[in-house]
Amino acid sequence: MPIGILVSLAICTILYILFAHVLTGVANFREFQISGKEASVTYVIETYMQNYSWLATFVTVAILAGFSSVILVLLLGQSRVFYAMSRDGLLPSLFGDLHPSFRTPYKSNIILFLFVAVFAAFIPGEVVGDMCSIGTLFAFALVSVGIIIMRRTNPDAPRAFRTPFSPIFPLIGAGVCLAMIYGLGWENWLRLGVWLALGFIIYFGYSIKHSKLNKKA
């Protein structure tokens, strides 16, 4: 699994770099900040490749299909995260209820799908995209730092695989994520701060009292 993930990331990174190279060769990169934004490929085709306007529609449909599949996978993954947290006592047991036939956390899935649907219906797509980006980057930075901390505080814990060249790789990963967060602007930092505050309220209001790890200690 780790090899598959790393190889996939390497391939996607190369494709992204090649795509960016082609786009910035066709149009000035500053145009994407004002006009292109999330639909940079479509913008380039419609502006500089007008004979291929049909391709812009094809690309837009492909992007929407890609977004849909990613959102679906993330939501399914998030329900499993909530399932694990509920088993540890960090969330109500409702999120850990399994379907009697399919053995999936179906209640968690339903709650997440409804929440995301309502949230997306009333919040502009540009804002939602930035919130998703900064939240993901911040989580990756925390995981990178957590690797270093866990190596020192619990070196004998069983691990399915180990991060090579620690703490160099985790520090590089955290640094890159934080650098990208810095470029997202203060408005997104403010939203992240509000989101973290809500998380602290949930943790100190419920999780810290019901945590099974605390009870064992």
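For a quick check of your reading of the model, give me the residue pairs whose first member lies in segment 205-217 and is modelled with pLDDT under 75, whose second is in a helix (DSSP H, G or I), with beta-carbon atoms closer than 7 Å and at least 6 apart or on different chains.
So the pair list comes out as 214/208.
How many residues does segment 3-45 contain that are small (Gly, Ala, Ser) and outside any helix (DSSP H, G or I)?
At the first step, the residues of segment 3-45 found to be small (Gly, Ala, Ser) are 4, 8, 10, 20, 25, 27, 35-36, 39-40.
Still in the list and also outside any helix (DSSP H, G or I): 27.
Number of matching residues: 1.
Can you run down the residue pairs with Cβ atoms below 8 Å, 6 or more apart or on separate chains, where the first is in segment 134-157 and farther than 21 Å from residue 179 by Cβ and the partner is among the hydroxyl-bearing types (Ser, Thr, Tyr) and modelled with pLDDT under 90?
Here the result reads 151/166, each pair linking segment 134-157 to a residue that is among the hydroxyl-bearing types (Ser, Thr, Tyr) and modelled with pLDDT under 90.
Residue check, residue 199 against (1) within 22 Å of residue 84 (Cα to Cα); (2) touching a residue at least 24 places away in the same chain (Cβ under 8 Å); (3) not assigned by TED's automatic domain parsing to the domain that holds residue 85, all met but one. Which one?
All conditions pass for residue 199, except number (2).
For segment 74-124, which positions are assigned to a helix (DSSP H, G or I), charged (D, E, K, R) and closer than 19 Å to residue 210 by Cβ?
Just the residues of segment 74-124 that are assigned to a helix (DSSP H, G or I), to begin with: 74-87, 93-96, 106-122.
Adding the requirement that they be charged (D, E, K, R) leaves 80, 87, 107.
Selection gives 87, 107.
Can you tell me which residue is surrounded by the fewest Cβ atoms within 10 Å (Cβ to Cβ) among those in segment 145-174 that are closer than 16 Å to residue 5 by Cα and among the small types (Gly, Ala, Ser)?
160
State the number of residues belonging to segment 1-46 that are acidic (Asp, Glu) and loosely packed, with under 10 Cβ neighbours inside 10 Å. Let's see the steps before the verdict.
Narrowing segment 1-46 to residues acidic (Asp, Glu): 31, 38, 46.
The next check asks that each one be loosely packed, with under 10 Cβ neighbours inside 10 Å; those that pass are none.
Counting residues in segment 1-46 that are acidic (Asp, Glu) and loosely packed, with under 10 Cβ neighbours inside 10 Å gives 0.
Hey, does segment 153-173 have a residue that's modelled with pLDDT of 90 or more, outside the structural domain of residue 74 (by TED's automatic domain parsing) and aromatic (Phe, Trp, Tyr)?
yes
The values are calculated or read from the model by the stated rules, or taken from the named source; none is laboratory data. Values in this document were obtained by computation on a predicted structure and should not be read as measured data. In this analysis, Cβ positions are derived from the backbone assuming ideal geometry, glycine residues included, and neighbour counts consider all displayed protein chains.
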